[in-house]
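Peer 1: Sharing a structure, written as C-alpha cells. Questions coming.
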Amino acid sequence: MKTYQVIVRPGEKYWILEIPGIGFTQARTTAEIESMARDLITVMTQDADFALTIETKLPQSVQEHLDEARRLRKEEAECRSNAARETRAAAQELHGMGLALQQIGDILGVSRQRAHQLVNAVNAVNA
C-alpha cells in the first residue's frame, strides 16, 4: 500500500494541504484535512487504497513560541513538584512539633483535611 505525505500549513481562512507530486487543496477545519487529502489523491491517481502521513508546518516564529511554551510547562511541572515536596516537608515538621492538623492547615493555607493528607503523604514517603 502506498503512503502519501500531506503537508498542512495555515492559510488566511483555510488550511492549505500540499501532497507532493499530486497537488494542493484546502480544508476549512482540521477535521476535514484527511478527507480532503484523500479526495484529491483519489481523483488525481485513481487509487483508493493508500495511507497518509500528515505533517503540520507552522511559521518558524510560531514554532519557536510553541517550543518555548512547552519548555516553560515542563519547568512549571518541575517547580510544582518541588513546591509540593517542600510543603509536605513543612507539614511533617509542624506535625513533629506537636501542632494540630487545623493549625498546620492554617499555616499552610489549606484545610485540616488537606493538612492530614500532607502529613500522611510524608509519612508514607519516609516509611
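Peer 1: Enumerate the pairs (first residue in the range 34-48 and without any contact (Cβ under 8 Å) to a residue 24 or more places away in the chain and within 16 Å of residue 21 (Cα to Cα); second residue anywhere and open to solvent by 50 Å² or more (accessible area, probe 1.4 Å) and among the small types (Gly, Ala, Ser)) with beta-carbon separation below 7 Å, excluding pairs fewer than 6 apart on the same chain, so at least 6 apart or on different chains.
Peer 2: Once the first residue is without any contact (Cβ under 8 Å) to a residue 24 or more places away in the chain and within 16 Å of residue 21 (Cα to Cα) and sits in the range 34-48, its partners that are open to solvent by 50 Å² or more (accessible area, probe 1.4 Å) and among the small types (Gly, Ala, Ser) give 42/48.
Peer 1: If only one of 77, 91 is exposed (fewer than 14 other Cβ atoms within 10 Å of the Cβ), over 30 Å from residue 7 (Cβ atoms) and at pLDDT 95 or above, which one is it?
Peer 2: 77
Peer 1: With respect to residue 106, is the statement that it is charged (D, E, K, R) and either assigned by the TED database to the domain that holds residue 10 or open to solvent by less than 60 Å² (accessible area, probe 1.4 Å) (or both) true?
Peer 2: No; evaluated as a whole, the condition is false for this residue.
Peer 1: Further, regarding this structure: Just one of (1) in contact with a strand residue (DSSP E or B) (Cβ under 7 Å, 6 or more places away or on another chain); (2) exposed (fewer than 10 other Cβ atoms within 10 Å of the Cβ); (3) among the acidic types (Asp, Glu) trips up residue 55, so point out which.
Peer 2: (2)
Peer 1: Have a look at 41, 16 and point out the one that is β-branched (Val, Ile, Thr), more than 19 Å from residue 121 (Cβ to Cβ), in a helix (DSSP H, G or I) and open to solvent by less than 80 Å² (accessible area, probe 1.4 Å).
Peer 2: Step by step, each of 41, 16 is checked, and only 41 is β-branched (Val, Ile, Thr), more than 19 Å from residue 121 (Cβ to Cβ), in a helix (DSSP H, G or I) and open to solvent by less than 80 Å² (accessible area, probe 1.4 Å).
The values are calculated or read from the model by the stated rules, or taken from the named source; none is laboratory data. Quick caveat: nothing in here was measured; it's all calculated off a predicted structure. Glycine gets a Cβ as well: all are built from the backbone with ideal geometry, and neighbour counts include every protein chain shown. When the accessible area is computed, the model is the full protein with side chains, heavy atoms only, and any ligands, DNA or RNA have been set aside. Shrake-Rupley method; radii C 1.70, N 1.55, O 1.52, S 1.80 Å.
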